[in-house]
Every structure is written in structure tokens, then in C-alpha cells.
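The values are calculated or read from the model by the stated rules, or taken from the named source; none is laboratory data. Keep in mind that this is a model prediction, so the values were computed, not measured. Counting neighbours? That spans all protein chains shown, and the Cβs are built from the backbone with ideal geometry, glycine included.
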Amino acid sequence: MNSNYEQYREHMQQLADINYASALLQWDQEVYMPVNSAAARARQISTLSGLAHEKSTTEKLGSLLTTLEKDHSLNAKEQANIRETMRVYKDQKKYTTAFVVEMSKTVSQCFDAWQEARKKSDFSIYRPRLEKLLELKRKECELLGYNDHPYNALLNQFEPGATVATLDALFNEVSNKLVPFIDEITSAKKPDSGFLFRHYSREKQWPYGLELLKLMHFDFDAGRQDISAHPFTTSFSATDVRVTTRINENDIREMIWGCIHEGGHALYEQGLPDEEYGLPSGEAVSLGIHESQSRLWENNVGRSLPFWKFNYKHLQHLFPENLGNIDVESFYAGINAVEPSLIRTSADELTYHLHVLIRYEIEKLLISGKVQVKELPELWNSQYKKYLRIDVPNDAQGVLQDVHWSHGSFGYFPTYSLGSFYAAQFFRQAKIEIAGLDEMLASGEYKPLLDWLRTNIHVHGKTYRAHELCKKVTGEEINFRYFFEYATAKYGRIYQADTTKIVS
Ligand code: CO
């Protein structure tokens, strides 16, 4: 046993203990915490974050990593752990305490201003705070260092290895291929989806959501589901993964696809190797790969015809007053209705990527200083007109809709689209490797697909970078073609569009 590596492992596990304890407090804050506890809780979380930052930047860790970097007795996985920890360690060391304190103060002011601005639909409340925050983000790019484009430094925090060059190539395809395809299908007759917005009682929705998670083989001995204002997944180890959902009695979609989406994130967390706890090899690869797991279950499986061929009868039985006279084909068409809309989080599977494209383009312009914060509302509205062909009535439903920028999360949005593109590419590969996958999905057998994801993706943790993992699993790096093929085949059929005109 290599004693340096053991010391490193022990150090990383203790660091994980602190981080997961903090995550548990944050989960509780969203789910159960009484309202008066906000100040005390903020303090507790901040103390733990301080301890974690200290522990992740100690000289002791630095010298262990330097020694282990030159240790050729380590196996490939151990070497990958050291490499990844060193990368994060070096980045952490670039921040001065003064910078961290200023950033955290600015973010908290910016978040408060955003909340008020959104409530009053008044961008001018947000503007000076966002200007200050962006100034700091640009400074952060310089601190971290980058090649080619400052935005690369920020991308690297969420999607290590992703660059403006690769994203530009992907989003050019979104703009050149997906936009005209959406124009084509939205000019055809929109399927009826009104039945989704009838009254669906909370009492019946909740157990149905749990059932969906059971179907997907979510392990309730290693996790649980609760209700929160915004659905999310968090975990404190592979043996304790929490998902949350929300119930809207006038829109059944929120609960059903919220559960399946978070369930997909959770299956990834439950499938990470528990014996690698605290090490990169025990963590998810990146936000993009994480999102690929949720989108694959939500869309490729959970919005597919085979899935509902098996599950629809039961849903219909639960809500006969709403679905009694809707057959499975009409249900399938309705849940896949495509319609350009204002709000990203409730967008359909296709127009969603136009919302992301707009944010990506704006973020690059803001970070490089080519656009000023004061120009944002106008730019936002003109982009919505250009790509989604809609008019934005006010800033609350426009540029103020997302929380991300107020948190300082620039470089985050693209990972949502990467998730869907990876999902399509992985799902295509799963279909090639699992004979009869569609028939399995149509008979309620989801274990073979889960096992495939476990073996090919989950067990590796962060041993591979996202682009390496994608190549290892599918034989090539991310390629928009697979998402586009999936989209044109599926929506071409639903909308009976003439897909022969579409060149992929
Ligand atoms: Co997600």
C-alpha cells in the first residue's frame, strides 16, 4: 500500500465529509428548515465552506500531490485522481482571500437585487450590481488564465475541457439546422396538449411520482424524494442521494418529467463507485455529463412512445376524468408539442436549445466586454425575436428570468445543451449495443439500459474527461448530428413534416 496515496485519500475523504455535511444543511434549507433559521443556517454553511476551502488549499495537500505526480507506481485511475485534484488545487490557489470575500459579498448583493428587480420587472435595480459582478468575473478569468477566449476560463469550472471553439461549432449547428427545423414543424398543425392542464390532484400525483422513480430502479434504501420550490438532486455519498420534485395541480408535466429528470441525475449519483468516496474517481465527470443522464431518462426514454405504451394505461386509470378519452398516440403527441415560448425552464425539448444559444452568445459578449450590461434587455429581446420569433413583453419574463447570472454562474448554461446532445449520442449507442432496447422500454424493462449506463458511464466517476468518456463510449467526440437525427426522426413523425428535405 502506497502510504502517500493513502494520506491523500484520507485528506480527500475528510474534505468530502465537510462538503457533504454542508450539502445536507443546504438540502434541509430547501426542504424542511423553519423560516426563522435562515441567518443561523447561512452562518453554519459559510463556516463549513471556509473549512473546506482551507483544507483544499493546504500546503500539506500541495506537497502530497507534487510527490504523487511523480510516482510511477500508481495505476491509471490513481494517476487520473492526482491529475484532477492537482488541477483543482492549482486553480484554488490562484484566488486571494480578498478576492473570495469580495466575490461572495458581490454575489449576495447581486442576488438580492435580482430578486427585487424580477419582482418589480425593473432591470435598473439589477444593473449596477450585475456590472460590478461582471467586472469581478472578468478579473477571475485573468486570475485563472486561459487560451484564446476569457470565457474558456469560466467554462472550465463547469465543463472541464470544453472551449468556445467546440461550443461555437455546436451552436452554429443549432442555429443553422435546428432553427429552420423548428420553423418547419411549428408551421404544421400543433398537437393538442390541453389535457395536460386539467386538474390533477396533489394526493394522486405524489405517489405516482414515487412509482416512476421505482420503475427507473431508483434505490430508496440509498435515497429519498421530497418536495421543494425548485426541483433538484443532491447527494452525500452514493448511498444517500436526495431528489426533490414539485407538484402543479394544473400542469401534470412538472411532476412527471421533473421526477424522471431528477431521477436520472440520482441514478448517476447512486451508480458512482462508493469505494472511491471523496476522490475524483467517485464523482460525476462534469455538469454536461450529469445533465446527459437526466435528459436521457427524461426525453429519450420518458418522452418516447415505447415508454408510454407501457405506462400510459396506469396513468389513464389514475386520472380517468382527464385522460379517459385521450389515446396513447394523442398523449404522446401532446407531451411533445413544440412551441416557442418566453421561459427557458418550461420550454419543450427542441426550442430549449434556442434559449441556451441566446444565453451563450450573450455571455461571451459580456465577458469579452463587447456588450455592456445596460444594453442587455434590448439585446435579449432582439435575440428572442431572431431565434424564437417572439416578442418579450417585460424584463421579468425576459432578461430577469434566470437566477444564474446573479449567482455569478457564467459558463453554466451551455452545459444544459451539452447534456441533451450527449444524451442523444449515448442513447443511440445504447440502442446499438442492447438488442431490442425499444421492445424492452415498451414492456417496462429499464434495468438493461440502467446497467449499460452504469458500466459505460457511472462506474468511471471522473477518471475520464467528458470528451474522452464520450469517445470511449460512442467512438467519437460530441457530435450534434445524433441529436439532430433523433429530433428529426421523432418530431418529423409527430408533425408529419417532410423530413426528406432536412439534410443532417
Ligand atoms: Co438537470
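Condition first: without any contact (Cβ under 8 Å) to a residue 24 or more places away in the chain and of a type in the set (Ser, Thr, Tyr). Now tell me which residues in the stretch 369-408 satisfy that.
Listed by number, the list holds a single entry, SER382.
Restricting attention to the stretch 247-256, which residues are within 16 Å of the ligand (Cβ to nearest atom), crowded, with 20+ Cβ neighbours inside 10 Å and touching a residue at least 40 places away in the same chain (Cβ under 8 Å)? Even if it seems obvious, please write down each step before you answer.
Keep residues of the stretch 247-256 that are within 16 Å of the ligand (Cβ to nearest atom), which gives 253-256.
Filter once more, keeping what is crowded, with 20+ Cβ neighbours inside 10 Å: 254-256.
Result: MET255, ILE256.
When you go through SER281, SER330 one by one, which is the residue that is touching a Lys or Arg at 6+ places or on another chain (Cβ under 6 Å) and in a helix (DSSP H, G or I)?
Working: SER330 fails: touching a Lys or Arg at 6+ places or on another chain (Cβ under 6 Å).
Result: SER281 is the single residue among SER281, SER330 that is touching a Lys or Arg at 6+ places or on another chain (Cβ under 6 Å) and in a helix (DSSP H, G or I).
If you check every pair at least six apart or on different chains, which have Cβ atoms under 7 Å apart with a residue in the stretch 413-425 that is within 15 Å of HIS355 (Cα to Cα) and in the same structural domain as LEU296 (by TED's automatic domain parsing) first and a residue that is within 11 Å of the ligand (Cβ to nearest atom) and of a type in the set (A, V, I, L, M, F, W, C) second?
What qualifies is THR415/LEU287.
Of all residues in the stretch 217-230, which are surrounded by fewer than 20 Cβ atoms within 10 Å (Cβ to Cβ) and part of a loop (DSSP other than H, G, I, E, B)?
HIS217, ASP219, SER228, ALA229, HIS230
Given the condition among the hydroxyl-bearing types (Ser, Thr, Tyr), within 16 Å of the ligand (Cβ to nearest atom) and outside any strand (DSSP E or B), answer yes or no: does some residue in the stretch 171-188 qualify?
Of the stretch 171-188, the ones among the hydroxyl-bearing types (Ser, Thr, Tyr) are 175, 186-187.
Now restrict to residues that are within 16 Å of the ligand (Cβ to nearest atom): none.
No, the stretch 171-188 has no match at all.
Of all residues in the stretch 257-308 being closer than 20 Å to ALA76 by Cβ and within 15 Å of the ligand (Cβ to nearest atom), which is surrounded by the most Cβ atoms within 10 Å (Cβ to Cβ)?
If we take residues in the stretch 257-308 being closer than 20 Å to ALA76 by Cβ and within 15 Å of the ligand (Cβ to nearest atom), then VAL285 is surrounded by the most Cβ atoms within 10 Å (Cβ to Cβ).
Go through the stretch 399-412 and give me each residue that's surrounded by 20 or more Cβ atoms within 10 Å (Cβ to Cβ) and over 15 Å from TYR360 (Cβ atoms). Don't jump to the end; show me each part of the working.
Residues of the stretch 399-412 that are surrounded by 20 or more Cβ atoms within 10 Å (Cβ to Cβ), as a first pass: 399-400, 405-406, 408, 410-412.
If the condition is that a residue be surrounded by 20 or more Cβ atoms within 10 Å (Cβ to Cβ) and over 15 Å from TYR360 (Cβ atoms), then LEU400, SER406, GLY408 are the ones that fit.
Take the residues in the stretch 232-246 that are surrounded by fewer than 20 Cβ atoms within 10 Å (Cβ to Cβ) and not in a strand (DSSP E or B), then tell me which one is nearest to the ligand (Cβ to nearest atom).
Only one residue tops the list, namely PHE232.
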